[in-house]
Amino acid sequence: MTSTTPIDPTDLPLERKALLLSGQDFWSTPPVEEAGLASVVLTDGPHGVRRQVGDLDQIGLLESVPATCFPPAVAVGSSWDPETAERIGAAIGVEARALGVPVVLGPGVNIKRSPLCGRNFEYYSEDPLLAGVLGAAHVRGQQGAGVGASVKHFAANNQETQRMQVSADVDERTLREIYLPAFERVVTEAQPATVMCAYNKVNGVYASQHHWLLTEVLREEWGFTGAVVSDWGAVDDRVAALEAGLDLQMPGDHGAGNALVVDAVRSGRLDEAVVDRSVRRVAALAGYVTEPTDGFDADAHHALARELAAGCAVLLKNGGALPLAPGQRVAVVGEFARTPRFQGGGSSHVNATRVDDALTALQAVHAVEFAPGFTLDGSGDTTALRAEAVGLARDADVTVVFAGLAEGDESEGFDRTHLDLPAAQVELIRAVAAVSARTVVVLSSGGVVSLEGWHDDVDAVLAGFLLGQAGGSALADLLTGAADPSGRLAETIPLRLADTPSFLDFPGEQGHVRYGEGVMVGYRQFVTVDRPVRYPFGHGLSYTTFETSGLEVRTVGDDAATVTLTVTNTGTRAGRHVVQVYVATTAGPVRRPARELRAFTKVSLAAGESTTVAFELDRRAFAYWDVREHAWVVAPGEHTVQIGRSATDIVDERTIDLAGDVVVRELTLQSSVAEWFEHPVAGPQLLEGFLATMPEGAAEMHAGMLQMIGSMPMRRFVADFGGAIPAAELERLMAAARAAR
Ligand code: BGC
């Protein structure tokens, strides 16, 4: 046998190079033997490995090889715990290596713009910091295990309705402050092997061929060096996509796209260097290919999934009904107790190695009676099912109702149109609450559901969202008190769908979805306009209590600050507390959300224990995106650092004064009179010269004048009051302003 030295992939013939730029099938790139490149399998993700062998499909209809279904992102978001995300990423990495998968597609860090988005279960939060920190941790864990990640879907993919055509029309500041930062953090902190572009258009241009997004922002600003892969079927114009910075088209299209690339090069429309650039990036992915390892420990991963799931559920309300006390007569009601809802539908659907249900887990430690109360598909005799459940509830010390949304109610591919639980479940909860000594509701859903119509009737509410394959036993651990609830809401639970910031502009119309609420997404808007909610972002209870004290905030260096405080577990059992640090300011020329999350940490404390936590807030924590400067700007002035138990419950705060950035703007004759007079360089000189030509008393008149004619363009002002400021003087001042920038 002869062995030949592999050739550099960019030295391959053009057709062979083009071949490398799209999949050979649904889930893999073609091997290129002469360049020594193995085929690279890329498969879903994000909360478990969906490795299909044999018949392939993309939308999760066909079976895949068993793998652990870890808590999906909706749950991890509620954990507020990067360690949870990192451990999940690491475990997925181990399973992927055993299953021969070098790249697992995830995490998804899109912002939950509306609670209706069908894919919110696959995303972390309505807040970009929380989403970014968790996404980066997931990538660190997965890539630390030697498996490439794919942060997705870049960018502004915040709905499923018309996801393959719709144009997300988002202004620049909103993109920079809300929709891009989670991607930015993942890319800059964790260097994912790949970024997956979104299906949708962003401001009229397909994300797959958006040069500004894929090259200027992603690579030139953030320094991304990996490969950009298309979402499955997201490429519209193959050559335009390649030029814009999209490297790998997935899945393959039987060579059609490659032929277009070859033709474009041959006809001189496309520079071969563009092909070479992408060839290098895709070739680098082969570095993740390893020999499959010898299996994984499914029991250990199941135990991990159980431990982590317990830290994700959010105890919303607890009027003393939880934890369940030993010896209580417990009635368990609701089909979800027996048939758990633990993951979302679509491409992320994992074939779980096993599934725990809460009923069995509770029965292992408590004598419980069970009635299904309803069916998942709404079939059967609703009245009889309810009557049976109410009968059990009447004799119980506490009734635990497992309610939620069935798989068919929410999924990738479509958005919900309302937030309601099925009516039969609402009726069941109310009927049970009317007779049971105490009622606890456990919710399973991929997105937020409305609690209205029954919330005030029940004693406790535990929002489990979707907790993965061990969610049932994790819920039992929380109900019995074997675990302490420590999740916090990563998204607001509104009182009404119509209250949500994107309500009027979701999911758009006639091919466009206008992000009309701008930066006021989620809690940013609720808090700013002081609109009541059922439960705010960041809310969540424990079985113990915490207090914070000794807050100190110091400014350091270049408009940055350090924050220290002490957290004490003031209760009688161990627990975990999430310290949330917000920044509030009205400084600067743009309307700011009333407060924004800028740092957080989750601390574990034994009963009575205290610890000191410290945060560093960099200048970005205080900055807004200035659309005139196309840059982050810290406004000079007061900024208040607030410690919250949630976005609406601020327990302490300190105000600091920041020097900020003095923005020296360019002046033109179109600039307003106010801009001229208030300009830090030209303004004082202009005023001096202007006053010299004016009668006495003009200085006093000046303020009033600015109010009246401040918005007038200078061109018009000089036309009307030309004599006051000679044209040459204006020229000189414009040059001075330019020079000072
Ligand atoms: C989804 C992606 C997924 C891909 C492959 C697409 O429809 O949007 O998130 O990774 O399919 O299954």
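Remarks
- Of the residues in region 561-569, none is surrounded by fewer than 16 Cβ atoms within 10 Å (Cβ to Cβ) and either modelled with pLDDT under 95 or within 19 Å of Asp127 (Cα to Cα) (or both).
- In region 363-402, the residue that is farthest from Leu428 (Cα to Cα) out of those that are small (Gly, Ala, Ser) and touching a strand residue (DSSP E or B) at 6+ places or on another chain (Cβ under 6 Å) is Ala396.
- Residue in region 200-223 that is most open to solvent (accessible area, probe 1.4 Å), counting only those that are assigned to a strand (DSSP E or B) and either touching a strand residue (DSSP E or B) at 6+ places or on another chain (Cβ under 7 Å) or modelled with pLDDT under 95 (or both): Lys201
- Residue match in region 229-236 (condition: more than 16 Å from the ligand (Cβ to nearest atom) and not aromatic (Phe, Trp, Tyr)): no
- Subset of region 640-691 (residues that are surrounded by fewer than 20 Cβ atoms within 10 Å (Cβ to Cβ) and of a type in the set (Phe, Trp, Tyr)): Phe677, Phe690
- Qualifying residue in region 65-75 (condition: within 25 Å of Gly252 (Cα to Cα) and surrounded by fewer than 24 Cβ atoms within 10 Å (Cβ to Cβ)): yes
- Across region 144-174, the qualifying residues are those that are under 27 Å from Val104 (Cα atoms) and in a strand (DSSP E or B), and the one among them that is farthest from the ligand (Cβ to nearest atom) is Ala168.
- None of Ala614, Ala623 is open to solvent by 40 Å² or more (accessible area, probe 1.4 Å) and not assigned by TED's automatic domain parsing to the domain that holds Glu221 except Ala614.
- Filtered residues of region 554-591 (kept if within 28 Å of the chain's Cα centre (by Cα), under 13 Å from Glu616 (Cα atoms) and of a type in the set (Val, Ile, Thr)): Thr562, Val563, Thr564, Val581, Val583
- Unique residue being more than 25 Å from Ser486 (Cα to Cα), open to solvent by less than 20 Å² (accessible area, probe 1.4 Å) and touching a residue at least 40 places away in the same chain (Cβ under 8 Å) when the list is Glu95, Glu122: Glu95
- Positions within region 518-545 being open to solvent by 30 Å² or more (accessible area, probe 1.4 Å) and among the aromatic types (Phe, Trp, Tyr), in sequence order: Tyr543
- Inter-residue pairs, beta-carbon under 6 Å, first more than 16 Å from Ala692 (Cα to Cα) and in the same structural domain as Leu686 (by TED's automatic domain parsing) and in region 715-727, second open to solvent by 30 Å² or more (accessible area, probe 1.4 Å) and at pLDDT 75 or above, 6+ apart: Arg715/Leu669
- Pairs with Cβ under 6 Å, 6+ apart, first in region 387-416 and closer than 14 Å to Gln328 by Cβ, second surrounded by fewer than 22 Cβ atoms within 10 Å (Cβ to Cβ) and of a type outside the set (Ser, Thr, Tyr): Leu392/Glu369; Ala393/Val435; Ala396/Arg329; Asp397/Gln328; Asp397/Arg329; Asp397/Ala437; Val398/Gln328; Val398/Arg438
The values are calculated or read from the model by the stated rules, or taken from the named source; none is laboratory data. On a predicted model such as this, the values are computed, not experimentally measured, just so you know. For neighbour counting, all protein chains shown are included, and Cβ atoms are generated from backbone atoms with ideal geometry for every residue, glycine included. Just so you know, the surface numbers come from the protein's heavy atoms only, side chains and all, with ligands and any DNA or RNA stripped out. Shrake-Rupley method; radii C 1.70, N 1.55, O 1.52, S 1.80 Å.
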